[in-house]
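Novice: Structure incoming, see below.
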């Protein structure tokens, strides 16, 4: 067995292998040299991202077809790695000097490896193992600030709800295996199912288990408390990256493997999508905590993306299916920049309050602390304003193009009523987004901040660049998303 044989047969695993090697190297180097760990993690993620992009058009399988490497899996790996890079950049400042930063970067990279394997999973067993690899690391990350009771609470709630969702998902997978006698997605996609009580139970359990991972209503209860209590850099990772792990799993298992049952899950996803976007926006209206507001906003955004399930199950027209899935993929990429950047901008303000030892009577992410932010931290304020308007779907931003694609697919798919509800929800969301912008630009500042932290500013500006670029020059990225979506035809 020589190096050439290994590379020719297992070369597609190089991105995951590199990230894993860097994770363990960081754990060892951190015993003596802590100041370089963030930069090492950054290099590892950049190398892994480069390898994924180099092999973006690959088509290969491994381990008896239990892992598939194709443009769909590579697309999601790019999203996961981009979010990880933004998180690492901000974390270099947030965890500077922390004695446990070696463990932090180790868990962050291992969580990303788990997400990447979920993107490649083509079997119930490999999917579940990869899910747990990615999830268990994020449970610990959510509770990483162990001196903060809110962080401990966030990690505990996330772990308990995550364990419950894993059990529900595993039960659904077990029933599906018992019905079909196979765990392979390709084999499942070629089967015709006879609707029975067992089939219905398996489908409901799988949708419920994945619903927890995607934070769809009514399986969303973990998200607000976890996003608010977790360290903000981790919240950015969870909202912009980890949640997408649930979507790629749902796309593969429900749309690709169980497409024969689409008439059964059409109405389920139609109801879930509408309730999710409406509930998320309505509850976000009343929030004073920006992290909590962004959490409910993220729930609403998941409702928009879930429209793709409804369109795919309602029409057989290839062009409409391609538009829906391509729009969903573009939305996922856009959301990574918009939501990740928004959380990091909020985290920058919290970090500055802590750094400057400014005592406030409310939580660090309370909207009152953002009063006059445009005068005390202009880059952070401007970037946050752009992220919020992008999430609302204002033109010349990634959010506008994302919503245009996914809403158009609903109209072309004969679901105009769903598009109207989504448009009304987008209009509703503009109220609580605009309120934050008003506070930052028209209210008087309550305190003076001593400069914006460089690491946060770099991460926020990179996310801003992605948000604006995808809105102003979306053509090449839409083309890639549509090309990737052809796997669903």
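The values are calculated or read from the model by the stated rules, or taken from the named source; none is laboratory data. Since the structure is predicted, the reported quantities are computational estimates derived from the model, not experimental observations. Using ideal geometry, Cβ is built from the backbone for each residue, glycine included, and neighbour counts are taken over all protein chains shown.
Novice: Residues of segment 55-100 being over 23 Å from the mean Cα position of the chain (by Cα) and at negative phi, which ones?
Specialist: Within segment 55-100, 58, 59, 60, 61, 62, 66, 96, 98, 99, 100 meet the criteria.
Novice: May I pose another question? Of the numbered conditions (1) touching a helix residue (DSSP H, G or I) at 6+ places or on another chain (Cβ under 8 Å); (2) over 19 Å from residue 31 (Cα atoms), residue 125 fails exactly one; give the number of that condition.
Specialist: (1)
Novice: Still on this structure, I have one more. Which one of the conditions (1) surrounded by fewer than 21 Cβ atoms within 10 Å (Cβ to Cβ); (2) in contact with a helix residue (DSSP H, G or I) (Cβ under 7 Å, 6 or more places away or on another chain); (3) modelled with pLDDT of 90 or more; (4) more than 29 Å from residue 231 (Cβ to Cβ) does residue 410 fail to meet, given that it meets all the rest?
Specialist: Checking residue 410 against (1) surrounded by fewer than 21 Cβ atoms within 10 Å (Cβ to Cβ); (2) in contact with a helix residue (DSSP H, G or I) (Cβ under 7 Å, 6 or more places away or on another chain); (3) modelled with pLDDT of 90 or more; (4) more than 29 Å from residue 231 (Cβ to Cβ), the one that fails is (1).
Novice: Additional query: For segment 92-103, how many residues meet the condition of being crowded, with 22+ Cβ neighbours inside 10 Å and either more than 15 Å from residue 36 (Cβ to Cβ) or modelled with pLDDT of 90 or more (or both)?
Specialist: Count: 1.
Novice: On the phi < 0 side of the Ramachandran plot, in contact (Cβ under 8 Å) with a residue 40 or more places away in the chain, surrounded by fewer than 20 Cβ atoms within 10 Å (Cβ to Cβ) and assigned to a helix (DSSP H, G or I): does that describe residue 375?
Specialist: yes
Novice: Before we move on, is residue 267 over 28 Å from residue 200 (Cβ atoms) and either at pLDDT below 90 or surrounded by fewer than 24 Cβ atoms within 10 Å (Cβ to Cβ) (or both)?
Specialist: Criteria not met by residue 267.
Novice: Could you list, in sequence order, the residues of segment 447-489 that are in a loop (DSSP other than H, G, I, E, B) and surrounded by 14 or more Cβ atoms within 10 Å (Cβ to Cβ)? Give the steps one after another, and end with the answer.
Specialist: Keep residues of segment 447-489 that are in a loop (DSSP other than H, G, I, E, B), which gives 447-453, 473-474, 489.
Once the filter is applied, which keeps residues that are in a loop (DSSP other than H, G, I, E, B) and surrounded by 14 or more Cβ atoms within 10 Å (Cβ to Cβ), segment 447-489 yields 447, 449, 452, 453, 474.
Novice: Among the candidates 139, 158, which residue alone is within 22 Å of the chain's Cα centre (by Cα) and under 18 Å from residue 294 (Cβ atoms)?
Specialist: The match here is 158.
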